[in-house]
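Please treat every number below as a calculation from the coordinates, not as lab data. Only a predicted model underlies this, so the values are computations on that prediction, with no experimental measurement involved. Reconstructed Cβ throughout: ideal geometry from the backbone, glycine too, with neighbour counts over all protein chains shown.
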């Protein structure tokens, strides 16, 4: 796994690197160096550890916003001596918020979660056909799938909506497993992209997705399972 550590305290960065033994780790002493490397060298990482308090450059929260602009799929973990930025971290969809001194068990658990997520997203893709052409979309890039008559619409994280001919039931068979779930006659949802479940509705990146009574119990069970996965 390729990992970036941005911390103006070199001792803390080196200590974190020892906890990341076996990974490919790049250390940045300030925010500008990391952003420059991303912009000019098209550098991307599987995981970013960003210190929130950095004296001589922008703070980690502002840095995370810039990283997100360059890499929408960035997996970000904040490290800090204070928990006062939990709310900002939540708004930026940080995967974790670690307090210094960072504990080895916390880091190892995080690596395990991120590794499983990367493996899941990279290995599986959805195949589709449209106007005589075939293509694939990685599961990790799909928010949800809807259907209308004989056309299926695949809603992607980058805003693209890919059309294809077929039935939602056929897509459900192809994508069967622990990632996608049928929640309604007209909707198939990537459960790892669900932000919340309230009443009979899922919220997926700002899109409200209805849950019919037929599917509610299984959808709720899977949603809760994923919440526990993310806490472990």
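In this rough spin-label picture, where each label sits 7 Å from Cα along the Cβ direction, the residue 212-residue 161 distance is 2.1 nm. For the pair residue 224 and residue 172, label points projected 7 Å from Cα toward Cβ lie 2.2 nm apart. By the helix-only formula, in which each DSSP H run with n ≥ 4 contributes -39500 (n - 2.57) and the sum is divided by residues, the chain has a 222 nm mean residue ellipticity of -10500 deg cm²/dmol.
Under conditions of 25 °C and 0.890 mPa s, region 2-121 yields 173 µm² s⁻¹ as its translational diffusion coefficient, taking Rh as the Kirkwood radius over Cα pairs in the Stokes-Einstein equation. Any idea what angle helix 31-41 forms with the longest principal axis of the chain, computed on alpha-carbon atoms, 0 to 90 degrees, nearest 10? Orientation of helix 31-41: about 50 degrees from the principal axis.
Structure remark: mean-square fluctuation, Gaussian network model of the chain, C-alpha springs under 10 Å; the largest value among 126, 36, 110 belongs to 36.
Need the full-extension length gain, residue 186 to residue 10, defined as separation in residues times 0.36 nm minus the C-alpha distance. One decimal, nm.
Contour length minus Cα-Cα distance gives 58.1 nm.
All C-alpha pair distances within region 1-69, sorted into 5 Å bins from zero, spread as 4, 18, 31, 25, 17, 5, 0 percent across the bins. For helix 10-19, what angle does its Cα long axis make with the longest principal axis of the chain, in degrees from 0 to 90 and rounded to 10? Relative to the chain, helix 10-19 is tipped by roughly 50 degrees. Normalising the average separation of contacting C-alpha pairs (under 8 angstrom, six or more residues apart) by the number of residues puts the relative contact order of the chain at 10 percent. Rounded to the nearest 5, the antiparallel percentage of DSSP beta bridges internal to region 91-232 is 100%.
For region 2-121, relative contact order (Cα pairs under 8 Å, six or more residues apart, normalised by length) works out to 22 percent. Once you treat every alpha carbon in region 52-155 as an equal point and sum by Debye, what is log10 I(q)/I(0) at q = 0.13, 0.14, 0.22 Å⁻¹? Per q value, in the given order, log10 I(q)/I(0) is -0.66, -0.72, -1.22. Using 0.36 nm per residue and subtracting the Cα-Cα separation, the extra length available between residue 108 and residue 127 on full extension is 3.4 nm. When the scattering of region 124-231 is computed by the Debye formula from its Cα atoms alone, each counted once and equally, what is log10 I(q)/I(0) at q = 0.16 Å⁻¹? The calculated log intensity ratios at q = 0.16 Å⁻¹ are -0.66. Full extension of the chain segment joining residue 84 with residue 58 gains 7.7 nm, where the gain is 0.36 nm per residue of separation less the Cα-Cα distance.
Distances longer than 32 Å among the Cα atoms of the chain: what percent of all pairs is that? Show your work: numbers first, answer last.
Details: 7681 of 26796 pairs.
When all Cα pairs of the chain are counted, 29 percent exceed 32 Å.
Between 0 and 90 degrees, the angle of helix 104-123 with respect to the longest Cα principal axis of the chain falls at about 40 degrees.
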